[in-house]
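Engineer: Please read through the structure below; I'll follow up with questions.
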Amino acid sequence: MGFADVSIAQIATDYSVPVEKVLSVCNELLIAYKNPKTRLALEDVKAMISQLLSETHLESTSNSVHMSQVT
């Protein structure tokens, strides 16, 4: 397993989410880390980004549906 040159803090910055959210996803996916500067395995980064993107997509879809119901 290779390592990505990406830390938890960098993922949070790149995807405009709080570090706490990324740490929460790490916990959900059982990804071990010590702190936000922890560099992650490539497969862990892929899984984490996939999870963040799916949650972001679900939130935006939910907001769109809610907004169309209001109007």
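Engineer: Of all residues in region 1-25, which are within 15 Å of THR56 (Cα to Cα) and not in a helix (DSSP H, G or I)?
Structural biologist: Within region 1-25, TYR15, SER16, VAL17, PRO18 qualify.
Engineer: What is the residue count in region 5-50 for residues that are surrounded by fewer than 17 Cβ atoms within 10 Å (Cβ to Cβ) and in contact (Cβ under 8 Å) with a residue 40 or more places away in the chain?
Structural biologist: 4
Every number here is computed from the coordinates shown, using simple stated rules; none is lab data. From a predicted model like this one, the values you see are computed outputs, not experimental measurements. Heads up, the Cβs are rebuilt from the backbone with ideal geometry, glycines too, and the neighbour counts pull from every protein chain shown.
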